[in-house]
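Here's the structure, in structure tokens; my notes come after.
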Amino acid sequence: MQTISLNNGVVMPLEGFGVFQIPDAAQCEQAVSDALETGYRLIDTAAAYFNEEAVGKAIQKSGIPREELFITTKLWIQDAGYEPAKRAFQTSLDKLGLDYLDLYLIHQPLGDYYGSWRAMEELYEAGKIRAIGVCNFYPERLADLCLHAKVLPAVNQVELHPFFQQEEALKTMKEFGVLPEAWGPLAEGAQGIFQNETLAAIAKKHGKTVAQVALRWNTQRGVAIIPKSIHKARMVENLDIWEFALDESDMAAIAALDLGQSKIIDHTLPTTVKRLSQLRIHA
Ligand code: NAP
């Protein structure tokens, strides 16, 4: 397993395990237990996934020393702003049963996220969070935050897979020293990714699977990945990507798959902003 140093020197595994869309507590706890047993050490959850407690239970049961784990959670829009962010952070920490976080991310660039950022900077400086970052910050929002914040975001978690490659956005992240982390690295299992002929041919050539090719591709362009699966065999498969490499022709063939737009969510639409802002995660 490869690791990467964030812009503040904190070392993060380049691959982790995501738990979006596993709202059932027992299933989520089982999935995280299986992932930890498989060898994943980075777990990516969010207040808005409604499963922080289940993640916490699996962590406690695993008996793995805390310092060997890298736990990420995220602040939802409803809790944007200085005071709400401080409260939401403590709620997440309590649900996870932890006394510090490895990475805390602003989930969406909506609402008073500058207020949230100031709260997160203070928590970071107080040693309660080892690294702070953002999600879904498109280039102009990321540049604005980087230019005006006291602490630079360490990570920007955005949608990145062979059908939505965002090369230009990656350039902005690189310029500011922000690590790109891919959500939906398997295109959420949609868009016929596992049947894609180009990916299947590359997979066959290396004796690997399409999932392994898609994941390996992102890591080879310096992108961290957090694939999700509730199936242990797939967790094993998705982690087994560190002993082969895609060559230049593979990378070029995958580059040609880019559609240049997301088929999952369009953050530029006012209707998306409205829909996300209306999601309430607590009273
Ligand atoms: P994903 O990891 O791209 O894809 C997950 C889907 O692929 C599931 O349906 C899974 O099915 C299937 N799958 C996984 N491995 C497979 C394999 N080897 N072969 C065949 N099918 C496979 O999608 P995601 O969960 O949306 O993204 C990953 C993580 O990113 C999330 O869990 C979450 O932590 C994070 N995320 C963040 C944001 C954000 O706004 N910050 C948004 C979305 C996601 P099974 O589970 O049935 O195996």
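The values are calculated or read from the model by the stated rules, or taken from the named source; none is laboratory data. The model shown is predicted, which means the values in this text are computed figures rather than measured ones. Cβ placement follows ideal geometry from the backbone for every residue including glycine, while neighbour counts extend to all protein chains displayed. Only protein heavy atoms, including side chains, enter the accessible area calculation; ligands, DNA and RNA are left aside. Shrake-Rupley method; radii C 1.70, N 1.55, O 1.52, S 1.80 Å.
Scoring residue 73 on the criteria (1) surrounded by fewer than 22 Cβ atoms within 10 Å (Cβ to Cβ); (2) farther than 20 Å from residue 38 by Cα leaves a single failure, condition (1). Within the range 8-22, the set of residues being part of a strand (DSSP E or B) and either of a type in the set (Val, Ile, Thr) or open to solvent by 10 Å² or more (accessible area, probe 1.4 Å) (or both) comprises 11, 13.
No other residue among 181, 168, 188 is open to solvent by 20 Å² or more (accessible area, probe 1.4 Å), in contact (Cβ under 8 Å) with a residue 12 or more places away in the chain, closer than 23 Å to residue 140 by Cα and acidic (Asp, Glu) apart from 168.
Output the residues belonging to the range 152-165 that are open to solvent by less than 10 Å² (accessible area, probe 1.4 Å) and in a strand (DSSP E or B). Result: 155, 156, 157, 158, 159, 161. Answer with yes or no whether residue 140 is open to solvent by 30 Å² or more (accessible area, probe 1.4 Å), assigned to a helix (DSSP H, G or I) and farther than 23 Å from residue 5 by Cβ. Yes, satisfied.
Let me spell it out: the conditions are (1) touching a residue at least 12 places away in the same chain (Cβ under 8 Å); (2) open to solvent by less than 40 Å² (accessible area, probe 1.4 Å); (3) among the hydroxyl-bearing types (Ser, Thr, Tyr); (4) within 16 Å of the ligand (Cβ to nearest atom), and residue 277 meets all of them except one. Which number is the exception? Tallying (1) touching a residue at least 12 places away in the same chain (Cβ under 8 Å); (2) open to solvent by less than 40 Å² (accessible area, probe 1.4 Å); (3) among the hydroxyl-bearing types (Ser, Thr, Tyr); (4) within 16 Å of the ligand (Cβ to nearest atom), residue 277 fails exactly one: (2). Among the residues of the range 90-116, the ones that are away from the ligand (no atom under 16 Å from the Cβ) and either in a loop (DSSP other than H, G, I, E, B) or crowded, with 23+ Cβ neighbours inside 10 Å (or both) come to 5 in all. Evaluating residue 10 against the criteria (1) over 17 Å from the mean Cα position of the chain (by Cα); (2) more than 24 Å from residue 243 (Cα to Cα); (3) away from the ligand (no atom under 12 Å from the Cβ); (4) in contact (Cβ under 8 Å) with a residue 60 or more places away in the chain leaves one unmet condition, (1).
Here residue 48 does not qualify as within 19 Å of residue 234 (Cβ to Cβ), aliphatic (A, V, I, L, M) and crowded, with 19+ Cβ neighbours inside 10 Å.
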